[in-house]
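The structure appears right after this line, and notes come after that.
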Amino acid sequence: MLIKLAGLFTVADGRGEEMNQGETVTIFNDMCIWMPASLIDKKIQWEEIDPLTVRATFHNKGNRISAVLYFNEKGELINFVSDDRYYSPTGKNYRQVRWSTPVKNYKEMNGIKIASYGEAIWHFPEGEYCYAKFNVKEIEYNGEHLK
C-alpha cells in the first residue's frame, strides 16, 4: 500500500505478508458492508456463535483471515471485528491489533438499504483509536458497467 502526500511525497509504503493479510481483512470488510451478495463465495466459511453473531473465515490468494460479525434484531450488520489486521504507520514495522468497523443508521439509497454511518477503530491495549468516520449522504451505482 503506497500512500503519498499530494501525490508527491511518500508517507508510507507497506508491503509483505502482514500487509497482504491486513488488506485481505479490508477486502472482506468491504464485502460485508458494501457487497453482501458476494458473501456466498465458497472461500468463506461461516460459524454461528449465537443468533445475532457469526464468525466468518475468508481464504483469498494464500491469506486466511477471520472476523466476528454482529447483527441487530433486524438482521442489519452493526459491527465487524477482526484480530487479523496489522497496524503500521510507516509500512516498515507491523503490529497485529484488533480492528473494528461499527456501522449504523441504515437508509435506503437508490433502492438499496445500506448503513449511512460507520467508523474504523484500532483497539490498542492503551486505548481505542478511531481514525475514520463515514457519513454516506448519497450513493450512485454504475451496475451497467460491471462485468
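Counting Lys and Arg as +1 and Asp and Glu as -1, what is the net charge of the other residues whose Cβ lies under 14 Å from the Cβ of Lys74?
0
About the Cα centre, and with charges only on the beta carbon of Lys, Arg (+1) and Asp, Glu (-1), how big is the dipole of the range 29-147? Nearest 20 debye, please.
400
Give me the lysines in straight-line cross-link reach of Lys61: C-alpha distance below 29 Å, same-chain residues under 8 apart excluded.
Lys4, Lys42, Lys43, Lys92, Lys147
What's the local net charge at Ile139, with K and R +1, D and E -1, over the other residues with C-beta under 15 Å away?
Here the charged neighbours net out to -1.
Could you work out the local net charge near Met31, counting Lys and Arg as +1, Asp and Glu as -1, over the other residues with Cβ closer than 11 Å to its Cβ?
Value of the local net charge: -1.
Filter the trypsin sites (Lys or Arg not before Pro) in the range 59-133 down to the DSSP loop ones having no more than 11 other Cβ atoms within 10 Å, then list what survives.
Answer by residue number: Lys61, Lys74, Lys92.
Return Trp122, Trp34, Trp46 ranked ascending by Cβ neighbour count within 10 Å, so the fewest neighbours appear first.
Fewest to most other Cβ atoms nearby, the residues stand as Trp46, Trp34, Trp122.
For a quick check of your reading of the filter: which GluC sites (Glu not before Pro) in the range 22-59 sit in a DSSP loop and have no more than 11 other Cβ atoms within 10 Å?
Passing sites in the range 22-59 do not exist.
Bear in mind that the values in this text are calculations on the coordinates, not laboratory data. In this text the structure is predicted, and so the values were computed from the model without any measurement. In this analysis, Cβ positions are derived from the backbone assuming ideal geometry, glycine residues included, and neighbour counts consider all displayed protein chains.
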